[in-house]
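The block underneath contains the structure these notes are about, expressed in structure tokens.
The values are calculated or read from the model by the stated rules, or taken from the named source; none is laboratory data. Since the structure is predicted, the reported quantities are computational estimates derived from the model, not experimental observations. Cβ atoms come from the backbone with ideal geometry, glycine included; neighbour counts cover every protein chain shown.
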Amino acid sequence: MDVVVKKFGGTSVGDFDRIKNVAKIVSEFKKNNPRTGVIVVVSAMAGETNKLIKMAKDIGNSSVPRELDVLLATGEQVSIALLAIALIDNGIPAQSLTAQQIKIKTDEHHTNATIQAIDAKRIKALLAQGIVPVVAGFQGVTDDGNITTLGRGGSDITAVAVAATVKAKACYIYTDVEGVYSADPRICAHAKRLNQISHEEMLELASLGAKVIHHRAVFFAMCYKVPLVVLSTFNPIVGTWIVKEEELMEKPVVAGITYRTDETKITVNGLGNGIESLNQIFKKLADEGIFIDMITQAGGQEGKVDLSFTVTDEYGTKATEIVQYCVDELCADDVRVEPDIAKISVVGIGMRYHAGIASRMFKILAQEEINIHMISTSEIKISVVIPRKYCEVAVRALHDEFIDEKPEISEDIS
């Protein structure tokens, strides 16, 4: 039996009418494809998770991770039950399932757990009976039976993990946009919906700021070769397929321009003692669970260096405190914090085969009189840190430069 997974986010199930619309989408697919098994993964209703977090803060100490996970997991339990009822009302047999009921095993990192295994026996048994399993996204369970959650956007991860476990033909991610765009349509009027994009490109875009799908879900899909489709719940006719590179019909030099405005740049001036100083700083940051994004080092005076790195704003204050402690200990000159930055990234698998992308990117930014603070590259992306006030100008200018180029036609479309 072919199987597909359909995941619906919070806006898709934001109220009773939208839940009924989701039930209609699933029902129509099931009736038109009676021999295809359907698994549905659902997020909490829009705004529900934030309400639960506020409740925890209002009642007392909201920083108790285990209890917070128990509370937050109730949001998905409500939505899966309501959707199962709506499906049954449409004549489609359905059964809601929590993470505990299908044993979505995770590690013990509460509020940001990682899926380790899924027991698909119960899901497969329901599919064999013609029943649609409606699975709670975002949540898991440890070996000890404790409830965990996967972090913001975790329902995407659940959906792809379930799809990989049952070897689904495809995983459909329904959201409030009609697919993956070449830039954020809210700031770039000429942004184009992409028909296809590779897992690798989508992983870069999602990691660098595109919010249409969680980057961990894309990584999961890439590892287990799960085809993804991103499409709108409210216009589910078109969408974007996320596939293996060799399945791409076209390989544009640049697939998209993305940005982040939630990062802080921290610079340590006059740092001595070479690699030992670097080790001390980054070990302390790692011990506190602070993720580092970009890192640059420039030569200073008297054999010392100036070290710069970026972290997300949520870690900015803590990272600054740690670095300031290290600076005093290592006798560096000072620490400078720059919160008003933006990271702009140009991403495309075709960059592997074309030279001069960096030159063109820098030329465009120079024409707009935008100074670059930091640069980071990989095989298929170039990222720069610039002043935040120039973010939208940079995105639009780079989109005009790169996106309308004629793509290559892939010779291998197997």
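For Gly256, the criteria (1) in contact with a strand residue (DSSP E or B) (Cβ under 9 Å, 6 or more places away or on another chain); (2) surrounded by fewer than 20 Cβ atoms within 10 Å (Cβ to Cβ); (3) assigned by TED's automatic domain parsing to the domain that holds Val347 hold in every case but one, which is (2). The lone criterion from (1) of a type in the set (Val, Ile, Thr); (2) surrounded by fewer than 20 Cβ atoms within 10 Å (Cβ to Cβ); (3) assigned to a helix (DSSP H, G or I) left unmet by Ile187 is number (3).
Of everything in segment 198-217 that is aliphatic (A, V, I, L, M) and in contact with a Ser or Thr (Cβ under 6 Å, 6 or more places away or on another chain), the residue that is nearest to Gly10 (Cα to Cα) is Ala210.
Give segment 336-353 a look and list any residue that's surrounded by fewer than 18 Cβ atoms within 10 Å (Cβ to Cβ) and either of a type in the set (S, T, N, Q) or assigned to a strand (DSSP E or B) (or both), or say none.
Within segment 336-353, the first condition is being surrounded by fewer than 18 Cβ atoms within 10 Å (Cβ to Cβ), and the residues that meet it are 336-340, 352-353.
Within segment 336-353, Arg336, Val337, Glu338 qualify.
Looking at segment 31-56 only, could you name the residues that are out of contact with any helix residue (DSSP H, G or I) (no Cβ under 9 Å at 6 or more places or on another chain) and either charged (D, E, K, R) or not in a loop (DSSP other than H, G, I, E, B) (or both)?
Across segment 31-56, the qualifying residues are Lys31, Asn32, Arg35, Asn50, Lys54.
Pairs needed: first member in segment 376-397, in contact (Cβ under 8 Å) with a residue 40 or more places away in the chain; second member anywhere, surrounded by 20 or more Cβ atoms within 10 Å (Cβ to Cβ) and aromatic (Phe, Trp, Tyr); C-beta distance under 9 Å; at least 6 residues apart or different chains. Correct list of pairs: Cys391/Tyr259; Glu392/Tyr259; Ala394/Tyr259; Val395/Tyr259.
Of all strands (runs of 3 or more DSSP E) completely enclosed by segment 202-275, which ones contain at least 2 residues that are touching an Asp or Glu at 6+ places or on another chain (Cβ under 9 Å) and farther than 30 Å from Val335 by Cβ?
In segment 202-275, 228-232, 239-243, 256-260 are the strands (runs of 3 or more DSSP E) which contain 2 or more residues that are touching an Asp or Glu at 6+ places or on another chain (Cβ under 9 Å) and farther than 30 Å from Val335 by Cβ.
Count of segment 361-382 residues, restricted to those that are crowded, with 16+ Cβ neighbours inside 10 Å and touching an Asp or Glu at 6+ places or on another chain (Cβ under 9 Å), is 6.
Against the definition (of a type outside the set (Phe, Trp, Tyr), closer than 16 Å to Glu321 by Cα and assigned by TED's automatic domain parsing to the domain that holds Ser378), how does Gly272 come out, yes or no? Criteria not met by Gly272. Looking only at residues in segment 305-331 that are modelled with pLDDT under 85 and touching a strand residue (DSSP E or B) at 6+ places or on another chain (Cβ under 9 Å), the one that is surrounded by the most Cβ atoms within 10 Å (Cβ to Cβ) is Val327. Checked against (1) out of contact with any Cys (no Cβ under 8 Å at 6 or more places or on another chain); (2) part of a loop (DSSP other than H, G, I, E, B); (3) more than 30 Å from Tyr390 (Cα to Cα), Asn279 meets all criteria but (2). Pairs are defined by a Cβ separation below 7 Å, a sequence spacing of at least 6 or placement on different chains, a first member in segment 346-373 that is closer than 24 Å to Asp293 by Cα, and a second member that is surrounded by 15 or more Cβ atoms within 10 Å (Cβ to Cβ) and among the aromatic types (Phe, Trp, Tyr); the pairs so defined are Val346/Phe402; Ile370/Tyr390. Filtering segment 156-167 to residues that are within 13 Å of Val4 (Cβ to Cβ) and buried (at least 24 other Cβ atoms within 10 Å of the Cβ) leaves Ala159, Val160, Val162, Ala163. Per the conditions (1) buried (at least 19 other Cβ atoms within 10 Å of the Cβ); (2) under 30 Å from Asn21 (Cβ atoms); (3) not aliphatic (A, V, I, L, M), the sole criterion not satisfied by Lys192 is (1).
Only residues that are farther than 23 Å from Pro252 by Cα, within 23 Å of the chain's Cα centre (by Cα) and part of a strand (DSSP E or B) were counted in segment 380-396, giving 2.
Could you check segment 305-316 and list, in sequence order, the residues that are within 23 Å of Gly270 (Cβ to Cβ) and either in contact with a Phe, Trp or Tyr (Cβ under 9 Å, 6 or more places away or on another chain) or part of a helix (DSSP H, G or I) (or both)? Steps first, answer last, please.
As a first pass, look at segment 305-316 and keep what is within 23 Å of Gly270 (Cβ to Cβ): 305-311, 316.
Passing the criteria: Phe309, Val311, Gly316.
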